[in-house]
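Remarks on the structure that follows.
The values are calculated or read from the model by the stated rules, or taken from the named source; none is laboratory data. For clarity, every value in this text was computed on a predicted model and none was experimentally measured. Note: ideal-geometry Cβ built from the backbone for every residue, glycine included; neighbour counts use all protein chains shown. The accessibility values were calculated without ligands, DNA or RNA, using every heavy atom of the protein model including side chains. Shrake-Rupley method; radii C 1.70, N 1.55, O 1.52, S 1.80 Å.
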There are 2 protein chains.
Amino acid sequence: MNTVQGARARARAEVTAAIKDEARRQLAADGAAKLSLRAVARELGMVSSALYRYFPSRDDLLTALIVDAYDAVGEAAEEALAQQRPDASPAARWTAVCRAVRTWALAHPHEYALIYGSPVPGYTAPEATVVPASRVGLVLISIARDAHLGKGVAPPKPPARLLAEGERMAADFAPDLPPAVAVALVAAWAQLFGLISFEAFGQFHRVVEEREAFFTHAAEQLARAVGLVLPA
Amino acid sequence: MNTVQGARARARAEVTAAIKDEARRQLAADGAAKLSLRAVARELGMVSSALYRYFPSRDDLLTALIVDAYDAVGEAAEEALAQQRPDASPAARWTAVCRAVRTWALAHPHEYALIYGSPVPGYTAPEATVVPASRVGLVLISIARDAHLGKGVAPPKPPARLLAEGERMAADFAPDLPPAVAVALVAAWAQLFGLISFEAFGQFHRVVEEREAFFTHAAEQLARAVGLVLPA
DNA sequence: CCAAAGCAAGAGCACTGCTCTCGTGCGCGT
DNA sequence: ACGCGCACGAGAGCAGTGCTCTTGCTTTGG
C-alpha cells in the first residue's frame, strides 16, 4: 500500500489524465470541432466504449478541457503577477499580467478558443467552470485594489444606475473598491480579451503587423482607463 | 423572357437562397456545431446529395453564412450611422453604431458567434470574407475621420514603432487620419467586440446586470479613447 | 474466499459528410 | 419548334462519428 488511495483509484486517475492529454493534443492539432472520442481511444489503444467509463460524453470531456484551460491561463496570470518586483507600479503589474495572458493565448490558440471563443457545448457553461474562469479576473481585481488602496486616479463617474451596479459588483468581489473603478475594471477586462481574441482569431490579419507593441500599448491604455496610472 | 438571366440560373439562385435560409434557421436553433447538411436537405424535401450541387461542402455553406452575417452586421452599423441627425456629434454617432452592432449580436447570437467567435472552418478565413468583414470597421473609420477633419483630441502618442504602424494603417484605410488616431481606433475596434462577445457568450453572467447601461457607458469611454469627445 | 463492483471489449444503432452512378426532364441554341 | 445536352435529383454506398448494451474478465474489499 504505497499509495494513499487504492491502486484502482490511482489507475483511474492516470487513465483519465492520459485521455485528457491525448484530447488536448488533438485539440491543439485540429481544433475542438474535430475532436473525436473514437480517435482519442484509438490513439490510446483502447476501444471507444471503454472511454465512456471516464467521461460520460464528449461534452464532458470538453468541459474538463475547458476547466483545465481556465486554470492554465489563470495560473499564467497569477505567476506573472507573482514575478513582479515589490516596487513595480500598478500599471506595470497590470501590463505584465495582460501580456502573460496574451502569450498563453497565442501559444494555445485552440484551448483559448475553447474558453473565450464561441461556447461550444449546448450553450450554458457548466457550474464547474465558473470558479476557474474567474482566476484572471481576480488577478486584475487585486491589482486595482492595491492601486486604489494607495491613491489612484478615479475613472470617469458612470451614470447613477451604473454606479449602483458598481457598488454591487464591488460588494461581491472586492469590498474596498470604489464603484466607478469596479465598472471600469469589468469593462477593461472584457476589452482585454477583445484585443487578444482579435489577434488570436486572425482579425488583425493585414491590419496590425507590430502585434506585440500594439498590444502592449493598448494594455497600458487599459491600465489608464482603470485609473492605475498616476498623473505625471 | 421576363428575366434578365435564364430561368435555370434563377431557379438555382432560389434554391441556393432556400438552403441558406433553412441553414440559418438551424444555426439559430442549435448552433453551428450541430448544423447538418442532411438535416437541411431533409427539411427542404430533397436528398442530401442534391445539396452538393449548390454547396461543394459543409464548410462552403458555413462560409456563405459567414459572409451573410458580416454583411448583416455591417448593414446594421451603416444604417445606424445613416439615421443620425446631421448635427449629431462624432461621439454620439460612435455610440449609436456601437449600440447597433451590439443589438444585432444579441439578436443573432449564433450568427455572431460564427463571425466573431472561434473560427470554425479549417483555420484560415476564405478570401471572400475579408471585404464584408471590414464593413463595420469602415463605418468606425469614417466617424473618426470626420471628427478629426474638424478638430479632435489626439489620443496619447504611441511609441515610435507603433506610430509608423499607424501611418501604414492610415495609408491603407484612411489617408487623412492621424497615425495615433489610427492605432487607437483599431484598439477600440477590437475592444468593442470584446465587450459584445463577453455579453453574448455569457461571460457577464452574475457579473453585470445592467447590461445596456454598462455597454453604453463603455462605448462612450471608447469614443473618448479614440479622441472623439471634445473637452468641456 | 467469494460476491460485488469496476473495467475492457465488441457488436450495433442512428447519424454525419461526402462520392459515385444513373435516369430524366427542362432550358437552351439552332 | 424541336431535339440535344446538361444540370439536376435520386439512390446506394463508404468511412467516420457519438453513444448504448451485453458479455466476460479482473480486481478489490468484506
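Within segment A:150-171, which residues are closer than 21 Å to A:Glu220 by Cβ and either more than 12 Å from chain B (Cβ to nearest Cβ) or assigned to a helix (DSSP H, G or I) (or both)?
Initially, segment A:150-171 is screened for residues closer than 21 Å to A:Glu220 by Cβ, giving A:150-156.
Result: A:Gly150, A:Lys151, A:Gly152, A:Val153, A:Ala154.
Considered as a group, the residues in segment B:172-208 that are charged (D, E, K, R) and part of a loop (DSSP other than H, G, I, E, B) include one that is nearest to the other protein chains (Cβ to nearest Cβ), and that residue is B:Arg206.
Of A:Ala13, A:Ala28, A:Ala18, A:Ala33, all but one fail to be within 11 Å of DNA strand C (Cβ to nearest atom), under 16 Å from A:Glu111 (Cβ atoms) and not assigned by TED's automatic domain parsing to the domain that holds A:Thr129; the exception is A:Ala33. Give just the number: which of (1) open to solvent by 40 Å² or more (accessible area, probe 1.4 Å); (2) more than 13 Å from chain B (Cβ to nearest Cβ); (3) assigned to a helix (DSSP H, G or I) does A:Trp104 not satisfy? Evaluating A:Trp104 over (1) open to solvent by 40 Å² or more (accessible area, probe 1.4 Å); (2) more than 13 Å from chain B (Cβ to nearest Cβ); (3) assigned to a helix (DSSP H, G or I) leaves (1) as the failure. The criterion of at least 2 residues that are surrounded by 14 or more Cβ atoms within 10 Å (Cβ to Cβ) and away from DNA strand D (no atom under 11 Å from the Cβ) is met, among helices (runs of 4 or more DSSP H) falling completely within segment B:1-86, by B:7-30, B:37-43, B:58-82. Within segment B:14-25, none of the residues are of a type in the set (Asp, Glu) and under 19 Å from A:Ala33 (Cβ atoms). Just to be sure, is B:Phe214 surrounded by fewer than 24 Cβ atoms within 10 Å (Cβ to Cβ) and either within 10 Å of chain A (Cβ to nearest Cβ) or among the aliphatic types (A, V, I, L, M) (or both)? Against the criterion (surrounded by fewer than 24 Cβ atoms within 10 Å (Cβ to Cβ) and either within 10 Å of chain A (Cβ to nearest Cβ) or among the aliphatic types (A, V, I, L, M) (or both)), B:Phe214 does not qualify.
B:Ile115 falls short on exactly one of the conditions (1) part of a helix (DSSP H, G or I); (2) surrounded by fewer than 21 Cβ atoms within 10 Å (Cβ to Cβ), and that condition is (2).
So that you can scan it fast, the table gives a plain yes or no per residue for (1) crowded, with 19+ Cβ neighbours inside 10 Å; (2) under 21 Å from B:Ala113 (Cβ atoms):
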residue: B:Glu165; (1), (2): yes, no
residue: B:Met169; (1), (2): yes, no
residue: B:Phe173; (1), (2): no, no
residue: B:Leu185; (1), (2): yes, no
residue: B:Gln191; (1), (2): yes, yes
residue: B:Arg206; (1), (2): no, yes
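Pairing residues of segment B:9-38 that are on the phi < 0 side of the Ramachandran plot and within 14 Å of chain A (Cβ to nearest Cβ) with residues that are away from DNA strand C (no atom under 12 Å from the Cβ) and part of a helix (DSSP H, G or I), at Cβ distances under 6 Å and at least 6 apart in sequence or on separate chains, gives B:Leu27/B:His110; B:Ala28/B:His110; B:Ala32/B:Leu114.
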